[in-house]
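Below is one structure, written out as structure tokens; the observations come after it.
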Amino acid sequence: MFAVKTRLVQVSPTNPDPTILSEAAEVLQRGGLVAFPTETVYGLGADAMNPAAVEKIFLSKGRPSDNPLIVHVANHETVRLFARSIPPIGLKLAENFWPGPMTLVLRSSVQVPMIVRANLPSVAIRIPNHPVALGILNAFGGGVVAPSANLSGRPSPTTAQHVLDDLDGRVELVLDAGQTRIGVESTVIDVTSQPPTILRHGGLTREAIESLIGVVGSPADVELLRRSPGTRYRHYAPHAKVVLFQRGNLDQLLLEIDGLKSGESFAAIISSSQIATTVGRAQFVLHVSEPEEFARDLFKVFRLIDARGIRYVFVEEFEEEGIGVAIMDRLRKASAV
Ligand code: TXA
Ligand code: MG
């Protein structure tokens, strides 16, 4: 593994210093890696057209090479350098939801290096909605591949400290603009199929997508694995064992707690108020009321639970509507053994 000296620089989330943005663009031009905030999570960026730079991403994250990356661009014109064609429904989504927490899977233009798209004929593209991300992309001019800036399998980073915890010594520059606003990754939509298919639930809700373009597909699991390799791997997981319990089912929670060896440490994440007072023995209890708030803090809480060495975390299931769909997707993946 290559080793670099990691530099951490604070930037304003709303009005980033142009000198810092051009420094970041220079690192990318030299084939280096830069971690930067987006509205969803922090990304680990490299020049999308430089296969050697892209390879560093796979090495530094320990990412399987058959998991393709998202190309981030600043504007619709640059999308056309990477996509061979955009169907009308893709254009409609792009016009309405970019910049934003949406990634479109499109037919790839031939120039996109195979390492970026894991040999697929398609490429994933997104225009993020964050002044720092957009500032870097504008200063750089081209496409920047950016997976979440965590070690493969770990919870995605929502602060610069999370990035350092995983990648110190493996990334040249980390731009710190505070905690990200959405907290779960972008929604990945394949528009090469008819109707379009959600490959990964995320910051843009199914309801918002369907109110614009009508019903979208959710492929059966096997098909999904074939088409979105990233969903095949265990993801988002803390070291603690994640155990879900039915919404409002206090008995189930108490049974789980009873089942622990005495003295075994646990945390509880509770979203319905009836349960609020019943987990006194827990090392850590989080009460969440708004799903948006939980989405923002979910990965941070996972990392905090690990930092405290807690062994189990019991999580009350969320209603699967709006951002709750992405939350439940992350929780199920984290709880899969
Ligand atoms: O919010 C986000 O999307 C963040 C920020 C940094 O932009 N990025 C992110 O990237 O989450 P990553 O690499 O952690 O997840 C990319 C997802 C994976 O599930 C991958 O399999 C899928 O997008 N993907 C990428 N290219 C694809 C393609 N050509 N076809 C199908 N799925 C693709
Ligand atoms: Mg990721």
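The values are calculated or read from the model by the stated rules, or taken from the named source; none is laboratory data. Here the structure is a predicted model, which is why all the values come from computation and not from measurement. Cβ coordinates were reconstructed from backbone atoms using ideal geometry, including for glycine residues, and neighbour counts include every protein chain displayed. Quick note on the areas: whole protein, heavy atoms, side chains included, nothing else; ligands and nucleic acids left out. Shrake-Rupley method; radii C 1.70, N 1.55, O 1.52, S 1.80 Å.
Can you confirm whether SER109 is surrounded by fewer than 24 Cβ atoms within 10 Å (Cβ to Cβ), assigned by TED's automatic domain parsing to the domain that holds VAL174 and near ligand 1 (Cβ under 9 Å from one of its atoms)?
no
Could you list all residues from the stretch 181-202 that are over 18 Å from ILE86 (Cα atoms) and either open to solvent by less than 20 Å² (accessible area, probe 1.4 Å) or near ligand 1 (Cβ under 10 Å from one of its atoms) (or both)?
Of everything in the stretch 181-202, those that are over 18 Å from ILE86 (Cα atoms) and either open to solvent by less than 20 Å² (accessible area, probe 1.4 Å) or near ligand 1 (Cβ under 10 Å from one of its atoms) (or both) turn out to be ILE182, GLY183, VAL184, GLU185, SER186, ARG200, GLY202.
Given the condition outside the structural domain of GLU293 (by TED's automatic domain parsing) and more than 30 Å from ILE89 (Cα to Cα), answer yes or no: does some residue in the stretch 178-187 qualify?
Taking the stretch 178-187 first, the residues outside the structural domain of GLU293 (by TED's automatic domain parsing) are 178-187.
From the residues that got through so far, the ones that are more than 30 Å from ILE89 (Cα to Cα) too are 178-179.
Yes: one or more hits.
Look at ARG170 and say whether it is within 13 Å of ligand 2 (Cβ to nearest atom), closer than 27 Å to ASP306 by Cβ and among the basic types (Lys, Arg).
So ARG170 does not fit the description; no.
Going through the stretch 112-145 one residue at a time, which ones are aliphatic (A, V, I, L, M), in a loop (DSSP other than H, G, I, E, B) and open to solvent by 10 Å² or more (accessible area, probe 1.4 Å)?
ALA118, LEU120, listed by residue number.
Condition test on LEU21, is it out of contact with any Ser or Thr (no Cβ under 9 Å at 6 or more places or on another chain) and in contact (Cβ under 8 Å) with a residue 60 or more places away in the chain? Before you say what the answer is, go through the steps one by one.
Numbers: out of contact with any Ser or Thr (no Cβ under 9 Å at 6 or more places or on another chain): yes; in contact (Cβ under 8 Å) with a residue 60 or more places away in the chain: yes.
Answer is yes for this residue.
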